[in-house]
Structures are given as C-alpha cells and as structure tokens.
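Just so it is clear, none of the values below were taken in a lab; they were calculated from the coordinates. All of these numbers come straight from a predicted model, not from anything done at the bench. With ideal geometry, Cβ positions are generated from the backbone for all residues, glycine too; neighbour counts draw on all protein chains shown.
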C-alpha cells in the first residue's frame, strides 16, 4: 500500500511539474514552511530570516540561532523536499549522481530540470515568507543542493554549515577528503566550518575558494562555551592531569607498534610533572586482566 501511495503521489506531482504548471507547487511549498518554535524577538535587535533545509540534520544549531534573537528561523519540510527531488530524479542513484553528475549524463538533465523548476517557484515562496537566505547542514545532502543552487541564482544566498568538525592534519586524511570533495563538490555561496584546520583542508583540496569559507566555531556550543568562561572554581584543590592509556594487547598477543608513542607520552608527562610541582599528574595503567593501578606523581621522579 505504501509503495502504491508513493508512486501515485509522484505521478500526480510529476506530470504538472514537468509540464510547467507552477501555481499548485508554490502553494504547497508555502504551506510546507513553518516557524521554528524557539524564535524570539529582542526589542531593537535587527533580524534576518533564514530558511533551514533538511532541518533534522542540524543537531542544535537551529535552536541556537533561533534563541539568539538575531535570526528568525523557518524550517522546510524535508518530506516535501524529497518528494520534489524524486519527481525529477530516479531513486537509488549514487550520492555523486545527485550532487555532481557527469556533464551530458541523464542525471545532469534531471538536475537542470529540477533547478529550472525551483528558479520559477522559489522566489515567490521566499517573498511570501520574507526569507533572506537558505542554510543547509552539510555539503552532501541531495535534497538541499539543487534547492540551494536555484536559490543562489535567484538572489538568495545559500549558506552551508559543514557539520563535521574535521581536524585533518594527516596526509592520508587530506588525500581521502580530496577524493570525496571532488565527488560531491560545493555549490553554495558560503561554507561555514568549525575550525581553522577544516577550513584549510577545504581550501587545499580545491573544494572552495578562500574567500568563500569561514571558520566560525560550532554554533550550538556557543552557550556552553560562555558558561565555561563565566564558571568559578568550587574549591582550591590542586590541579590534576590524568592519563588514561589503552591496552597494547589484542586478543592473546601484544601489538607493539604504538609502544614508542606511549613511551613518548609518559616521558612528556613526567617532564611536565617536574616542571609544574603544584600539579598532580595521575597515571592510570592497565595491568594483567582488568585490574587498574594508579600512580601519582606529586614530586619529580
């Protein structure tokens, strides 16, 4: 029954959409947009109205934006986003075939048709709701990309928050991400990442030009970071540093490849204990079985 309902819905939507009948879709998409429940108005605070695509993926960022009073956050029904996607695309494609299909392919013809449809429909939807820009939570959300590109082309910025906080200093990570970024591409107005390491990675791999990316931290952590800065210590106990190592034993055998690393960490902490005698350095070490022993370095050894 669900299968039949899905295909019936696509048939009913697909024929008028591909035939250029826009009016019913403008009405549908207007009604598919709703206010975020955490929106708040602050007297004298100028607000911008942002439309969040695929809102379920933001992990608290929308609540932070809405609660700040600086943004009026609207959310788009991801159900209707997907319905519109599959009116023009086939199901079951690889992610790159939705995001970055080969020129001249049948998938590229799907992409062009959907973006043309959105360019005709979205400006009227945006003016109705007073929307200034659209935001997405990742570069690789198929239902967001064509919507965002069409928005950008009709004068509404398309801003992407890269949800993953990549610390990508290793050469192998750069190589791996370069391959993924080449498959997916970036099509937005601005890319926002958590940290400078991720920003530099995106630039070095050619995903985005330097002027189109900013490292602004993790929005949903702003409130927590503020609380930490304002926190006062509850007591004057000595500061402590604790090392929690992992076992080198895998099954019944020991793997000593990481032994030089562990040795280096222990030596470095011993040196710090010598340099800072007012700090307790605690080593938690794994012994035979599951017994755990503790050694406290309160004096240089």
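Data for the structure
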{"quantity": "The stretch 24-39-the stretch 82-142 distance, computed between alpha-carbon centres (Å)", "calculated": "18"}
{"quantity": "Added length on full extension, which subtracts the Cα-Cα distance from 0.36 nm per residue, residue 70 to residue 209", "calculated": "47.3 nm"}
{"quantity": "Ranked by how many other beta carbons lie within 10 Å on average, peptides 64-72, 135-143, 152-160 from highest", "calculated": "135-143, 64-72, 152-160"}
{"quantity": "Theoretical gain in end-to-end length, residue 45 to residue 195 [0.36 nm per residue, Cα-Cα removed]", "calculated": "51.2 nm"}
{"quantity": "Extended-chain gain in nm, criterion 0.36 nm per residue less alpha-carbon gap, residue 270 and residue 256", "calculated": "2.9 nm"}
{"quantity": "Nitroxide proxy distance, nm - points 7 Å out along Cα→Cβ at residue 35 and residue 239", "calculated": "4.8"}
